[in-house]
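Have a look at the structure below before the remarks.
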Amino acid sequence: MTDAPIRAAGSSPGAQSAPIVSVRNLTKTYKMGEVTVEALRKVDLDIARGEFVAISGASGSGKSTFMNILGCLDAPTGGKYVLDGREVESLSRDELSLMRNRKLGFVFQSFNLLSRTTALENVELPLLYRKDTRPADNHEKALAALRAVGLGERVHHHPNQLSGGQQQRVAIARSMVNDPVLILADEPTGNLDTRSSIEIIGLFQGLNVKGITIVLVTHEPDIASYAGRLIVFRDGNVVRDERNPSPLRASDELAKLNPAEKIA
Amino acid sequence: MRMSALLIIALRSLARNKLRSFLTMLGIIIGVGAVIAMLSVGQGAKAMVQTSIASLGTNVITVFPGGGSPGSVRTEAGTTSRLTEDDVEAIRREAEGIRYLTPTARVSAQVKFAGQNWRTSVYGAYPEYLQIRNWNPVEGVSYGMSDERGASKVALLGQTVVKNLFGEGVNAVGQTIRIKNLPFRVIGILESKGQGSFGQDQDDIIIAPYSTVQKKLIGATYAQNLTASAVSEDAIPEASAQIDEILRRRFHIGPSDTPDYTIRTQTEIAQAAGSVSQTMTVLLSSIAGISLLVGGIGIMNIMLVSVTERTREIGIRLAVGAKGRDILLQFLVEAVTISFFGGLIGVALGAGASTFLSSVQGWAVKLSLSSILIAFIFSAATGIFFGWYPARKAARLNPIDALRYE
């Protein structure tokens, strides 16, 4: 798979159809008692359909706030946000739920799986909140998603019976089960060892190949180097936005890792 | 989200904290159980009172001498006007609403038979007294107007008198007993009436012709009261008014004056007794209802704890696309599940308690479907009412705040 179309710098996003994410003048301020914290100060950003974007920055730089707003989990204080052609700030609570359900997938650093609930049920969860599916189909879709992340054998395990990497795979299966257009991953490898991290990134690259836009927050430069575009936040502003002409491929890196592991 | 899925989530969540769920349920169990037991006791008491009032007879109207209230002083019954057989005749002639009518006289007397002694009440009344009271001899016959006119020394015995005077297995009919040392022939045995409205034994009685009792046993000419029966239940007020009018005329009492006799109808007695037992039922049930309320507060309390504990779970559900309504329903279903099962166990417990009270304690208890339904609906409503606030609190959480909750 040498010619996998991981989008790299040079392929101009603007030349394509309308961007999946378009943000203009986005601001977010928190009031903490007397102090007002400006988490985002007039951010302008476009993300094209099919991009693999890494966002990094120091803690408090606004990157997480930005992700939460992209994910319709938090509302901006000001500015415009268009997600897949819809103006998010005009949506009601229920419509935002619908956006999260149909268009978005989330992967968190702390996995955020429901404990005491099997992997399969965790993956089925987004399907349960839509009314246009049949329970039997939900089951099939969830199983397929788990097989796709390599957990076909552990569908009835509970999160506490799975390793961190496996739990994150369940979370990825959950994020992709509703065929989203955009997957948001907030430090998905933050709690994982190197090998698991690369495997997880590999899954994201696989999803990206299928056309799903991926936005990944990380503070690890080597993880960011798997992405086709790197955006750096500082003090609520985008300070760097650059293309990576030759992103790493997880499959290659894993192959390099294997012999080293065998020696050790 | 589907109802079945919500129910499974609720049951799992309750199973996760078994003791906590049980203790919360206990509030509802006790509340519902108490409501059912109390309603049963109340309704049982009411039914018992109704039966004993019905045993008074059919459409009965009773006239007592005295009992008026001149000013605020209530004179003792029997101290004023004297009701005589002439009054009886006048009423019988003029009051169209009356079917049966008899004066009655009562005397307490020592009764003897073959060395056995028994003190009982001897009632003197016309033969139609038995029709008024719907009372028939189970053995032998009643006396007739000829016995009345001839002041025959014949007697009808109640079951208690028979038991105490003759013992088991002796045919009392045809025997001669002595009442106040006068020989009376037993011509019939009355069927059992059981306990009266005030717990007295209605079978501890001897009934004899009015004239016989008045002349031979008491030596008076005035009746202790008049007992009548209206032609129908609807005619009771009319008949009662007719008696009043006739007596006012005969005793020269003006229409606005307080008469020195009292007319009581069976309807009035039933209403008075009914309102007493109604009050009792309401009182008992409201005490039981308060315990249901306390149980509901318990549900609300534990649901608030549950919402706080599961804030992160709520965040996850919101993140994957749950709507506020889905979260609301999830917690509401959980609250209602607690109250539903609490109600179910409570019904069983209340029914058990009612059965215990009636079979072991001998209370009059009436377990009705309506009281079970009332208690059950109330418990389910308690779940909805007290589950609503915590569920709404959960539904209104901000997704990101819920996800970040530690």
Unit charges at the beta carbon, dipole of the protein assembly as shown: most positive-side option, B:Thr267, A:Ile231, B:Ser142 | A:Ile231
Toy charge model, Lys and Arg Cβ at +1, Asp and Glu Cβ at -1: the stretch A:136-205 dipole around Cα centroid in debye, rounded to 20, equals 140
For the stretch B:82-259, size of Cβ-based charge dipole, Lys and Arg +1, Asp and Glu -1, in debye | 960
What residue among A:Val53, B:Thr102, B:Ala335 has its Cα farthest toward the positive end of the dipole of the protein assembly as shown, where the charges are +1 on Lys, Arg and -1 on Asp, Glu, each on the Cβ?
-> A:Val53
Of the residues A:Phe204, B:Leu373, A:Val123, the Cα lying farthest along the dipole of the protein assembly as shown towards its positive end, which is defined by charges on the beta carbon of Lys, Arg, Asp and Glu, belongs to A:Phe204
Could you work out, residue by residue across B:144-155, how many beta carbons of other chains sit within 10 Å of that residue's beta carbon, and then give the average as an integer?
-> 0
Return one number: the angle in degrees, 0 to 90 and rounded to the nearest 10, between the long axis of the Cα atoms of helix B:18-54 and the longest principal axis of the Cα atoms of chain B.
-> 20
Along the Cα-to-Cβ line of B:Lys18, 7 Å from the Cα, sits a label point; which residues in the stretch A:98-129 have backbone N less than 18 Å from it?
-> A:116
Report relative contact order for chain B in percent, whole number only (criteria: Cα-Cα under 8 Å, sequence separation at least 6).
-> 30
With labels modelled as points extended 7 Å from the Cα through the Cβ direction, what inter-label distance (nm, one decimal) is found for A:Thr117 paired with B:Asp201?
-> 7.2
Measuring from the lowest to the highest alpha carbon on each principal axis, how far does the stretch B:82-259 reach, largest first, in angstroms?
-> 56, 32, 30
Placing each pseudo-label 7 Å from Cα in the direction of the beta carbon, A:Asp241 and A:Asp132 end up separated by a distance in nanometres of 3.3
Quick one: what are the phi-derived ³J(HN,Hα) couplings along the stretch B:55-62, Karplus 6.51/-1.76/1.60 with θ = phi - 60°, whole Hz, x for glycine and proline?
-> 6, 5, x, 10, 6, 7, 10, 10
Counting sequence-distant residues (5 or more places) and residues on other chains, those with an amide H built under 5 Å from that of A:Glu51 are A:Ile214
Sorted by chain and number, the residues with a modelled amide H under 5 Å from that of B:Tyr100, at a separation of 5 or more or across chains, are B:Ser229
1/(1 + (r/R0)^6) with r = Cβ-Cβ of B:Arg92 and B:Gln175, R0 = 30 Å, i.e. FRET efficiency to nearest 0.05, evaluates to 0.30
Distance in nm between label sites at B:Gln50 and B:Ser4, each 7 Å beyond Cα in the beta-carbon direction?
-> 4.5
Peptides B:132-138, B:30-36, A:159-165 ordered by average Cβ neighbours within 10 Å, highest first | B:30-36, B:132-138, A:159-165
Take chain B, drop everything but the C-alpha atoms, weight them equally and run the Debye formula without solvent; then report log10 I(q)/I(0) at 0.06 Å⁻¹ to two decimals.
-> -0.45
What share of the DSSP beta bridges in chain A is antiparallel, in percent to the nearest 5?
-> 55
Karplus (6.51, -1.76, 1.60) ³J(HN,Hα), θ = phi - 60°, over the stretch B:90-96, in Hz, Gly and Pro reported as x | 4, 5, 4, 5, 9, 7, 6
Under the Karplus relation with 6.51, -1.76 and 1.60 and θ = phi - 60°, whole-Hz ³J(HN,Hα) for the stretch B:347-356, x at Gly and Pro, equal 4, 4, 5, x, 5, x, 4, 5, 4, 4
Fully extended, how many nm does the chain gain between B:Thr355 and B:Lys112 (0.36 nm per residue separation, minus their Cα-Cα distance)?
-> 83.2 nm
Once you have a ≥ b ≥ c as the square roots of the Cα gyration tensor eigenvalues for the protein assembly as shown, tell me rounded if a/c is under 1.5, and otherwise prolate or oblate according to whether a/b is larger than b/c.
-> prolate
Computed, not fitted: 222 nm per-residue ellipticity of chain A from DSSP H runs ≥ 4 (each -39500 (n - 2.57)), nearest 500, equal to -10000 deg cm²/dmol
Chain B, Gaussian network, Cα under 10 Å: of B:Gly140, B:Gly343, B:Gly254, the residue fluctuating most is B:Gly254
Tell me, what is the percent relative contact order of the stretch B:135-236, built from C-alpha pairs under 8 Å that lie six or more residues apart?
-> 34
Selection of chymotrypsin sites (Phe, Trp or Tyr not before Pro), the stretch B:174-282, meeting DSSP coil and at most 13 other Cβ within 10 Å = B:Phe198
For chain B, what is the charge dipole size about the Cα centre, in debye to the nearest 20, if Lys and Arg each add +1 at the Cβ and Asp and Glu each add -1 at the Cβ?
-> 1580
Cut-off 13 Å, label 7 Å out along Cα→Cβ of B:Thr58, residues of the stretch B:129-148 by amide N | B:130-136
When all Cα-Cα pair distances of the stretch B:99-175 are considered, the percent exceeding 22 Å is 27
Protection-proxy order for peptides A:205-213, B:316-324, each taking the mean of Cβ atoms within 10 Å per residue, highest first = B:316-324, A:205-213
Evaluate peptide A:122-129: per residue, the Cβ atoms of other protein chains within 10 Å of its Cβ; return the mean as an integer.
-> 5
Surrounding charge for B:Leu26, neighbours by C-beta under 13 angstrom, Lys/Arg +1, Asp/Glu -1, total +2
Could you tell me how many degrees, from 0 to 90 and to the nearest 10, lie between the Cα long axis of helix B:3-16 and the main elongation axis, the longest principal axis, of the Cα atoms of chain B?
-> 90
Pull up all non-local amide H partners of A:Ala39: gap of 5 or more, or a different chain, and H-to-H distance under 5 Å with H placed in the peptide plane.
-> A:Lys28, A:Thr29, A:Tyr30
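No value in this document is a laboratory result; all are computed from the given coordinates. Computed from a predicted structure; not experimentally measured. Glycine also receives a Cβ, built like all others from the backbone with ideal geometry; neighbour counts cover every protein chain displayed.
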